[in-house]
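See below for the structure under consideration.
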Amino acid sequence: GGWGKTTLAKMVYNDQGVQQHFQLKMWHCVSDNFDAIALLKSIIELATNGSRDLPDTIELLQKKLEQVIGKKRFMLVLDDVWDEDERKWEDVLKPLLCSVGGPGSVIVVTTRSQKVASIMQTLGTLKLACLSEQDSWKLFAQKAYGNDVEQNQAELVGIGKRIANKCRGLPLALKTMGGLLSSKQKVQEWKAIEERNIRDTVTGKDEIMSILKLSYIHLSSEMKQCFAFLAVFPKGCLMYKEELIQLWMANGFIQEKGTMDLILRGESI
């Protein structure tokens with residue numbers, strides 16, 4: 001996790017040339033729910049821009065899928081696929097999804113699993129690598145210092161480079177740590193974060209989680225409450241800023257500060 005698979009897919013998905021090329025574009029966050037009926041319902045809803053009263057059988061959903069997609073050239077992104085059951089893809093979903101759409105339709109899959117990639121691929125897989133030391137520092141510095149790296153104390157820059165190296169070139173880790181440090185102004189605050197146990201000996205999910213946990217520990221109690229509240233939403237859920245701030249306010253998670261009202265406080269979080 002945190003290598004930038006979803007970020008790269010989003011850049012492709014939102015590219016102007018891609019926008020113009022495909023008549024229909026759909027994005028579905030799969031995660032651990034690769035149920036065929038649920039997936040087909042989601043694709044139909046995405047294709048029609050709204051929820052509908054849909055049947056619960058594969059046969060009827062297939063007919064509906066043919067109606068809403070027809071011969072349109074489509075791009076479908078299946079993000080974060082985990083299910084390694086080959087039969088589910090080969091026997092059910094592949095025949096359905098590949099039977100609709102016009103020539104040039106594309107299905108893009110992001111996954112952490114090489115087995116998933118092998119099962120679903122028709123073209124070669126694109127494996128992402130960690131960022132180089134130079135690119136790692138550039139990303140970290142952009143988040144931690146903004147555009148004024150040279151204006152910062154030399155000591156802060158030195159600490160920042162050591163912290164960036166501990167992130168091992170993982171983009172999510174670099175962005176998270178850089179964002180955390182951007183709110184810290186004192187050298188001792190930076191040193192305290194540097195001295196925390198960012199694991200140097202683990203890889204993969206544990207490595208990312210140790211860094212994300214570290215960033216969470218250093219949030220204010222108010223921000224921790226607001227962040228933890230997001231767990232009530234399903235993964236991949238589209239959240240609107242205004243509605244989220246209203247929910248934070250309703251639950252008493254944010255308080256007025258000076259002359260700043262609650263909505264502005266929520267936006268600052």
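The values are calculated or read from the model by the stated rules, or taken from the named source; none is laboratory data. What you see is a predicted model; the values in this text were computed from it and never measured. All Cβ positions, glycine included, derive from the backbone under ideal geometry; neighbour counts span all protein chains shown. Heads up: the accessible areas ignore ligands, DNA and RNA and are worked out on the full protein's heavy atoms, side chains in. Shrake-Rupley method; radii C 1.70, N 1.55, O 1.52, S 1.80 Å.
Yes or no, residue by residue, for (1) open to solvent by 40 Å² or more (accessible area, probe 1.4 Å); (2) in a helix (DSSP H, G or I); (3) assigned by the TED database to the domain that holds Ser210:
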position: Met11; (1), (2), (3): yes, yes, no
position: Val18; (1), (2), (3): no, yes, no
position: Met26; (1), (2), (3): no, no, no
position: Cys29; (1), (2), (3): no, no, no
position: Phe34; (1), (2), (3): no, no, no
position: Leu46; (1), (2), (3): yes, yes, no
position: Lys63; (1), (2), (3): yes, yes, no
position: Val68; (1), (2), (3): no, yes, no
Could you tell me which of the residues Val92, Val157, Val109, Val77 is open to solvent by less than 20 Å² (accessible area, probe 1.4 Å) and β-branched (Val, Ile, Thr)?
-> Val77
Run down Gln134, Gln142 and say which single residue is exposed (fewer than 11 other Cβ atoms within 10 Å of the Cβ) and either outside the structural domain of Asp79 (by the TED database) or farther than 17 Å from Val77 by Cα (or both).
-> Gln134
Candidates Leu61, Leu78, Leu128, filtered to the one that is touching a residue at least 24 places away in the same chain (Cβ under 8 Å) and closer than 18 Å to Cys29 by Cα | Leu78
Could you say whether any residue in region 109-130 is touching a helix residue (DSSP H, G or I) at 6+ places or on another chain (Cβ under 9 Å) and farther than 30 Å from Ser42 by Cα?
-> yes
Would it be correct to say that Glu243 is under 23 Å from the mean Cα position of the chain (by Cα) and among the charged types (D, E, K, R)?
-> yes
Close pairs from region 212-235: first farther than 16 Å from Ile163 by Cβ, partner open to solvent by 60 Å² or more (accessible area, probe 1.4 Å) and acidic (Asp, Glu), Cβ under 9 Å, at least 6 apart = Lys235/Asp32
Criterion violated by Lys88 - all others in (1) more than 30 Å from Lys175 (Cβ to Cβ); (2) of a type in the set (Lys, Arg); (3) at pLDDT 90 or above satisfied | (3)
With criteria (1) farther than 19 Å from Tyr13 by Cβ; (2) without any contact (Cβ under 8 Å) to a residue 40 or more places away in the chain, Asp85 comes up short on (2)
Apart from one, (1) open to solvent by 30 Å² or more (accessible area, probe 1.4 Å); (2) at pLDDT 85 or above all hold for Glu150; the odd one out is (2)
Taking region 95-106 and keeping only residues that are touching a strand residue (DSSP E or B) at 6+ places or on another chain (Cβ under 7 Å) and surrounded by fewer than 19 Cβ atoms within 10 Å (Cβ to Cβ), one is left with Val106
